[in-house]
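Right, one structure below, let's go through it.
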Amino acid sequence: YDDAMTGVKSEPDFVHLHLHSHYSLLDSTIQIPELTREVARMKMPAVALTDHGNLFGAFQFHRAAVAEGIRPVIGCEVYVAPDDHRRKAPVPGRRKPYDHLVLLGENDRVYRNLLRLVSAGYSEGFYHKPRISKSILAESSDGVIGLSACLSGEVARHVLGRDMDGARRAAEEYREILGPDDFYLEIQDHGMADEEFVRHGVAELATATGIPLVATNDCHFHKRQDTFAHRVLIGIGLNRTLEELEYNYNAEFYVKSPAEMYDLFSDYPGACERTAEIASRCHVLFDTETMHLPRYPVPQGHTLESFLGEKAREGLDVRLSRAGERRHPDQEYRNRLETELEIISKMGFPGYFLVVWDFIRHAKDIDIPVGPGRGSAAGSVVSYALGVTDIDPLEYDLLFERFLNPDRISMPDIDIDFCQRRREEVIDYVRQLYGSESVSQIATFNLLKARSAVRDVGRVMGLSFGDVDRIAKLLPEDFNITVEGAVEESPELKELVEGD
């Protein structure tokens, strides 16, 4: 690390490989944009995101890291069941029915392995937490890098239990599953006595097995001064007041600088340097250009384009045959239809329209109420002809270009309302047609906005409901307002803050 030109010894690289964002729900106060800015400011070449049991933040994290010029390392701290992850029963002699393990993805193919593992945890292994098993890890282990995790990892659990033979068996089993160069023994130092004991035991294990050490900090908040806010967040998650809360963290669980990490682990040569070596192997890229559409099964002798054209022209004829006055002649509708079909084909979306047309047609055939259509799709004569929307776009001078514009290629977005009581039947139909692996529903994350944050924090701090309610009601009714902004906008709140 000596600069050959100046002779000045520069700080060697360090990369955080064990870090939780606010997608480790109600367990971390680290926000992704702030994290990537801070890592770039500290001149770290990369940073990992390893949220508990999920990859919810992976895309946002990747985009934010690349924008700051740092390498994103996509990972997850998974929960590993002691046997079959599908067995939902307490484990005799164990406080928890799982152990922690940190997994990192090397490339796009490996990222898909992580997706499979995490999905299996939720769809098959959910018991207290989304758990996987060593057997399905072995099936998707190619290129996955593993770290033995914190005090809740299997290796650390055996060391704490004075079972060094068990710790060695666990470490060697993970090395066998992941590969000889893809498993590392993790050491941490947050000033806890148990961690010190585990560090010594894991170091002995590294010498005995040849499995390398890697130094991590279990990051749950940005800075040391965020400890109290993190404690309150844990209270919100556990629905406990600060007096009732058993807080298992301390002020050391923050995003430390490389200098701080090298100082902490000076007795373990190579443990910090190895973090940068691991990060340099990871280069997941997200393909945001390719369209991934299910293949609609068109009848023999048809292409997607020809079948869409046939159904759209038939539907338009039905629409135009209905009695009633129209502002525009029939030929204008037909001309507009052909123009739209040409644009849809050129942009590669005939299959999309057929997929949507088909499940709406199916819903209507079995008498499930369907809404008339919302949003920019109402500007399409093709949508109107297919029965996807029921609003005549020419009658109301609606523009197709608001919906699809050949100069700005983006996925069409059709908002459809189905009867709430029977919408599951439509989803089941789509699953049967395209396979359950091709159909998903969107998860929504709620953010604690100013008023709800005040109410939750007040409850955790043990304030009376009346006091908290009075404070919350002083915040302006602006959905996007921050607490700081509310104090500036509300003189009564500002007076209360300054005087109490």
If you take the residues of the range 328-338 that are within 45 Å of the chain's Cα centre (by Cα) and without any contact (Cβ under 8 Å) to a residue 60 or more places away in the chain, which of them is nearest to LEU399 (Cα to Cα)? LEU337
Taking the range 263-288, which residues are touching a residue at least 60 places away in the same chain (Cβ under 8 Å) and under 21 Å from ASN113 (Cα atoms)? ILE278, ALA279, SER280, ARG281, CYS282, HIS283, VAL284, LEU285, PHE286, ASP287
Output the number of the condition that ILE234 fails; it satisfies all remaining conditions of (1) in contact with a Phe, Trp or Tyr (Cβ under 6 Å, 6 or more places away or on another chain); (2) farther than 21 Å from GLY105 by Cβ; (3) not aromatic (Phe, Trp, Tyr). (1)
Go through the range 83-96 residue by residue and tally those that are touching a strand residue (DSSP E or B) at 6+ places or on another chain (Cβ under 6 Å) and surrounded by 14 or more Cβ atoms within 10 Å (Cβ to Cβ). 1
Within the range 413-427, restricting to residues that are without any contact (Cβ under 8 Å) to a residue 40 or more places away in the chain and part of a loop (DSSP other than H, G, I, E, B), the one that is most open to solvent (accessible area, probe 1.4 Å) is ARG421
Select from the range 38-55 the residues that are within 19 Å of LYS223 (Cβ to Cβ) and not in a strand (DSSP E or B) and list them in ascending order. GLU38, VAL39, ALA40, ARG41, MET42, LYS43, MET44
Name, by its number, the condition in (1) open to solvent by less than 90 Å² (accessible area, probe 1.4 Å); (2) more than 13 Å from PHE359 (Cα to Cα); (3) of a type in the set (Val, Ile, Thr) that does not hold for ILE409. (1)
On the phi > 0 side of the Ramachandran plot, under 34 Å from the mean Cα position of the chain (by Cα) and crowded, with 18+ Cβ neighbours inside 10 Å, is that true of GLY373? yes
Right, ARG175: over 14 Å from TYR79 (Cα atoms), at pLDDT below 95 and basic (Lys, Arg) or not? no
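Yes/no per residue for (1) more than 34 Å from the chain's Cα centre (by Cα); (2) in a loop (DSSP other than H, G, I, E, B):
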| position | (1), (2) |
| --- | --- |
| ASP263 | no, no |
| SER266 | yes, yes |
| ARG274 | no, no |
| CYS282 | no, yes |
| TYR296 | no, yes |
| HIS302 | yes, yes |
Could you say whether any residue in the range 265-288 is within 30 Å of SER380 (Cβ to Cβ), surrounded by fewer than 20 Cβ atoms within 10 Å (Cβ to Cβ), touching a helix residue (DSSP H, G or I) at 6+ places or on another chain (Cβ under 8 Å) and modelled with pLDDT under 95? yes
Can you tell me which residue is farthest from the chain's Cα centre (by Cα) among those in the range 428-447 that are open to solvent by 40 Å² or more (accessible area, probe 1.4 Å) and either over 24 Å from LEU115 (Cβ atoms) or among the small types (Gly, Ala, Ser) (or both)? TYR429
Given the options ASP367, ASP392, name the one that is in a loop (DSSP other than H, G, I, E, B), out of contact with any Cys (no Cβ under 7 Å at 6 or more places or on another chain), at positive phi and not aliphatic (A, V, I, L, M). ASP367
If you go through the range 437-459 one residue at a time, do you hit one that is over 30 Å from ARG231 (Cα atoms) and in contact (Cβ under 8 Å) with a residue 60 or more places away in the chain? yes
Among the residues in the range 347-364, are any outside any helix (DSSP H, G or I), closer than 19 Å to ARG319 by Cβ, touching a residue at least 24 places away in the same chain (Cβ under 8 Å) and of a type in the set (A, V, I, L, M)? no
So SER257 fits all but one of (1) surrounded by fewer than 13 Cβ atoms within 10 Å (Cβ to Cβ); (2) modelled with pLDDT of 95 or more; (3) within 30 Å of LEU114 (Cα to Cα); what number is the exception? (1)
Please find, among GLU243, GLU252, GLU186, the residue that is within 24 Å of MET42 (Cβ to Cβ), in contact (Cβ under 8 Å) with a residue 12 or more places away in the chain and assigned to a loop (DSSP other than H, G, I, E, B). GLU252
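The values are calculated or read from the model by the stated rules, or taken from the named source; none is laboratory data. From a predicted model like this one, the values you see are computed outputs, not experimental measurements. FYI the Cβ positions are ideal-geometry reconstructions off the backbone, even for glycines, and counts take in every protein chain you see. Heavy atoms of the whole protein, side chains included, go into the accessibility calculation; ligands, DNA and RNA do not. Shrake-Rupley method; radii C 1.70, N 1.55, O 1.52, S 1.80 Å.
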